[in-house]
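Scroll down for the structure; my scribbles are underneath it.
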Amino acid sequence: ERTRTDADDVTLIGHRACAGQYPENTVAAIERAVPHVDAVEIDVRRCASGELVVFHDEELDRLTEGGGRVADAEWDELRELTVLDSGEAIPRLDEALRAVPAGTAVNVEIKERGLAGDALDAADEADAEVLFSSFLPDALAALRDRDPAADRALLVADGDPEALVAAATDLGCVGIHPPTDLVTEPGFVEAAHEAGLAVNAWTAADRDDAERLLDAGVDGVIADRWDLF
Ligand code: G3P
Ligand code: MG
């Protein structure tokens with residue numbers, strides 16, 4: 001039996017720190033989103049000089065005046081760029097985590113392999129309440145091996161609900177993060193809850209999306225805006 005989530009009970013997670021309202025994945029977006037959300041979701045990858053940077057895309061061209069791959073750019077170059085003509089800079093992970101006050105969680109989405117040690121160190125140093133997530137099972141396994149106590153969630157795109165839930169459970173995850181079309185399939189939320197997993201669904205862009213996700217019985221909504229409920 002499917003139980004609708006009450007809007008007051010849902011965990012609201014600002015997608016890329018509310019990319020529908022603010023320049024995505026920037027410190028300014030985090031600061032503006034924080035008063036309105038339970039958590040912010042940010043994307044992390046590594047640049048050529050080794051720093052972990054908060055940036056969604058593999059390439060720079062959609063979001064900045066720069067071009068080429070983030071992985072090929074030095075931090076000294078990246079720090080000069082601005083995101084979506086906002087005047088806001090690309091932050092390093094440590095800068096983004098320091099912008100999140102106590103009481104607000106951070107969902108750090110790991111976009112690449114090989115980030116586990118540095119991402120865990122950054123979370124420790126910032127004393128941040130972090131839920132790591134990734135589409136990459138081996139990235140989650142690397143986090144688990146270094147720090148079994150770190151909270152992890154498996155991001156999934158499609159597939160058989162039982163198999164996806166089993167994969168998340170095998171990785172010792174506390175949650176599973178499915179897209180709207182998958183989480184609204186009959187049986188998905190029930191299977192995840194049966195396994196003890198929190199279900200945080202992505203991505204609600206508007207109120208209709210948000211209503212569908214509440215109807216599906218999710219625990220959390222990863223939303224582009226904080227004003228959907
Ligand atoms: O973490 C949920 C969502 O952010 C996954 O997709 O491409 O927006 O990082 P993407
Ligand atoms: Mg993401």
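The values are calculated or read from the model by the stated rules, or taken from the named source; none is laboratory data. Keep in mind the model is a prediction, meaning the values are calculated, not measured. In case anyone asks, the SASA skips ligands and DNA or RNA and just uses the protein heavy atoms, side chains included. Shrake-Rupley method; radii C 1.70, N 1.55, O 1.52, S 1.80 Å.
Karplus-based coupling profile of segment 154-159, in residue order and whole Hz: 8, 7, 10, 10, 7, x, with θ = phi - 60° in 6.51 cos²θ - 1.76 cosθ + 1.60 and x standing for Gly or Pro. Computed from backbone phi with θ = phi - 60° and the Karplus coefficients 6.51, -1.76 and 1.60, the 3J(HN,Hα) list for segment 211-225 is 4, 4, 6, 4, 4, 6, x, 5, 8, x, 10, 8, 10, 6, 9 Hz; x is used for glycine and proline.
Per residue, the convex hull spanned by the Cα atoms of segment 11-223 measures out at 111 cubic angstrom.
Highest mobility in the GNM of the chain, judged by mean-square fluctuation with C-alpha springs under 10 Å and restricted to GLY14, GLY103, GLY217, is found for GLY103. Across the accessible surface of the chain, with the other protein chains kept in place and a 1.4 Å probe, carbon and sulfur atoms take up 44 percent. Phi angles of segment 135-150 translate, via the Karplus equation with coefficients 6.51, -1.76, 1.60 and θ = phi - 60°, into HN-Hα couplings of 6, 9, x, 6, 5, 5, 5, 5, 4, 4, 5, 7, 8, x, 7, 5 Hz per residue; Gly and Pro are given as x.
For THR11, the residues whose amide H sits under 5 Å from its own are GLY220, VAL221, ignoring neighbours fewer than 5 places away on the same chain, with H placed 1.01 Å from N.
Only helices enter the 222 nm calculation for the chain: every DSSP H run of n ≥ 4 contributes -39,500 (n - 2.57), and dividing by all residues gives -8000 deg cm²/dmol, rounded to 500. Under 5 Å from the amide H of THR203 lie the amide H atoms of THR180, each residue being 5 or more positions distant or on a separate chain, with H modelled from the backbone and absent for Pro and chain starts.
On the principal axes of its alpha-carbon atoms, segment 54-109 has extents of 36, 21, 19 Å, going from largest to smallest. Looking at the chain, the accessible area is 44 square angstrom per residue; that uses a 1.4 Å probe and ignores ligands, DNA and RNA.
Shape descriptor for segment 187-229: Rg over Rh equals 1.00 (Cα atoms; Rh from the Kirkwood inverse mean 1/r).
For segment 1-160, the share of DSSP beta bridges that are antiparallel, to the nearest 5, is 25%.
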